[in-house]
1. All but one of (1) surrounded by fewer than 13 Cβ atoms within 10 Å (Cβ to Cβ); (2) of a type outside the set (A, V, I, L, M); (3) in contact with a Lys or Arg (Cβ under 8 Å, 6 or more places away or on another chain) hold for Ser20; which doesn't?
2. Going by the structure shown, is Lys139 at pLDDT below 95 and basic (Lys, Arg)?
3. Residues to consider are Asp282, Asp289, Asp331, Asp343; find the one that is modelled with pLDDT of 95 or more, among the acidic types (Asp, Glu) and surrounded by fewer than 20 Cβ atoms within 10 Å (Cβ to Cβ).
4. Select from region 81-101 the residues that are of a type outside the set (Val, Ile, Thr) and modelled with pLDDT of 95 or more and list them in ascending order.
5. Which pairs do you get when a residue that is under 15 Å from Asn81 (Cα atoms) and touching a residue at least 40 places away in the same chain (Cβ under 8 Å), found in region 293-304, comes within reach of a residue that is β-branched (Val, Ile, Thr) and surrounded by 18 or more Cβ atoms within 10 Å (Cβ to Cβ), reach meaning Cβ atoms under 8 angstrom, with the pair 6+ apart or on two chains?
6. Do any residues in region 244-261 that are in contact (Cβ under 8 Å) with a residue 60 or more places away in the chain and among the small types (Gly, Ala, Ser) have Cβ atoms under 6 Å from those of residues that are assigned to a strand (DSSP E or B) and surrounded by 14 or more Cβ atoms within 10 Å (Cβ to Cβ), where the two are at least six apart or on different chains, and which pairs are they?
7. Criterion first (more than 19 Å from Ser199 (Cβ to Cβ), crowded, with 19+ Cβ neighbours inside 10 Å and either at pLDDT 95 or above or under 22 Å from the mean Cα position of the chain (by Cα) (or both)) does Lys56 satisfy it?
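The values are calculated or read from the model by the stated rules, or taken from the named source; none is laboratory data. Just so you know, these numbers come straight off a predicted model, no measurement behind them. For neighbour counting, all protein chains shown are included, and Cβ atoms are generated from backbone atoms with ideal geometry for every residue, glycine included.
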Amino acid sequence: MKKDYLTTNQGAPVSDDQNSLSIGERGPVLIKDNVFLEKMSQFDRERIPERVVHAKGAGAHGYFKVYKNMSRYTKANFLQNPSKETPIFVRFSVVVGSKGVADTVRDVRGFSIKFYTEDGNYDLVGNHIPVFFIRDAIKFPDLIHALKADPVSNIPNDSSANSRFWDYMSLTPEATNMLTYLFSDIGTIKSYRFIEGFSVNTYKWVNAKGKAVYVKYHWKPLGGIQSLNSAEATRLAGVDPDIASRDLFNTLAKGIPVEYELFVQIIEIEDEDKFDFDPLDDTKIWPEDMFPLMPVGKIVLNKNPENFFAEVEQSAFCPATIVPGIDFSNDKILQGRVFSYTDTQRYRLGTNYLEIPINRPKVPVNNNQQDGFMQILPNHGSINYYPNTLGGGLPKQAPQIGIPEKIYVKGYEVRKPTSKKNDYAQAGERYCSLNSIDQDHLVSNIVESLSHAIKPIQERMLVHFMKANKEFGKRIEKGLKL
């Protein structure tokens, strides 16, 4: 019946709600995709004043130093001089839970860094797990709806143990790889000092000659990686639900710095079609034996915020915040985040959220944007347009830095997933890479959570685990007594 068909808020029929409109199946997403824009804009405004995701967080100030000049790969100024310290602010967070959630629940952790560079701010917004549930941002509202509390009862159970979560996952085979990470022990943490960080998204580095490469970022804690088993995470959620936030704050308060090394993986853009996986697919890792980690630099966290609300709660990050030498790939999650994050921050904090001190660049800001909600900086005069002669032609356009990358795009407008989906291979490889104890924990964590779902959902989910690895699937089947 017609009433059963999906529509926009204007009542227009939607024939594809799962693939963004792009140039070809792997080209850039088009801003004219009104289905995506409406869906994401609505999603960004669903909650106030709490963040839609990443609601609970902890933050710290520090600095970044590059190990060596990286001009071979990028013209970004903050990645050139090993003797220079770039100020940073880092926010760690629990992704799905509300502001009152325990730090140790099974969930993804945000790992976001704001670099206050001489060319303006650069936001590197990442997670502590290297892959994601989905490969197209148009699916993000549905994913988070499935992870959040039931809209009728408002009971979340936890971030994963409910039929709604597993119903969605069982119908989203691309999430299988992510589940092998989330339900391992790295899904339950004790301290932000001992977690990794990943960009998840693929970016471009562009050098002064206009040569670009694909990059993925990895942060590794110099103190090592630590995690909790499920039983200990549950105990600490009751005994000390703020343990990760408290540990970071108390460590810095004692004058003990917290350090992480930055590594990148690099793929030549002309090689992107040579692999059996899509390098721009966020449900996939780039195997380190094929693309080795290259050390780039180090961050040192050495100072707590002076006021939590002013600095941590009002800090705003967005993948669209880049500097010359860094650019976006056609990664469909990244393309969607470029719109969604700034849209969310303007809704949550106001039009002029970049004037809040924690978000303000440490270099002068000079443009013709003067008005809007919560404008607090001095007016720049009566000439607020360009070009002009009455203002002496100021502010004038900046000179181009180096040679821009030449980008050629050709293709038909389509809503189509990547042809290199291969949703199960890396999930199976991940299971096989774990030692026997970690395999036991992964299986038992999935069984405990999936047992809360109804039998048809369990059976549907089991098919995915079987396809990833037969032993993996058989052990889950046995645990569920199917």
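1. Ser20 satisfies every listed condition except (1).
2. Spelling it out, it is not the case that Lys139 is at pLDDT below 95 and basic (Lys, Arg).
3. Just a single option satisfies the conditions, and that option is Asp289.
4. Within region 81-101, Asn81, Pro82, Ser83, Lys84, Glu85, Pro87, Phe89, Arg91, Phe92, Ser93 meet the criteria.
5. Partner pairs satisfying both residue conditions: Val296/Val66; Val296/Val264; Gly297/Val66; Ile299/Ile88; Ile299/Val90; Ile299/Ile113.
6. Ser245/Ala58
7. Working: more than 19 Å from Ser199 (Cβ to Cβ): yes; crowded, with 19+ Cβ neighbours inside 10 Å: yes; either at pLDDT 95 or above or under 22 Å from the mean Cα position of the chain (by Cα) (or both): yes.
Here the answer is yes, as Lys56 does meet what is asked.
Quick grid of which residues meet (1) part of a helix (DSSP H, G or I); (2) farther than 29 Å from Lys216 by Cα; (3) touching a strand residue (DSSP E or B) at 6+ places or on another chain (Cβ under 7 Å):
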| residue | (1), (2), (3) |
| --- | --- |
| Gly238 | yes, yes, no |
| Ser245 | yes, no, yes |
| Leu248 | yes, no, yes |
| Leu252 | yes, no, yes |
| Phe263 | no, no, yes |
| Asp273 | no, no, no |
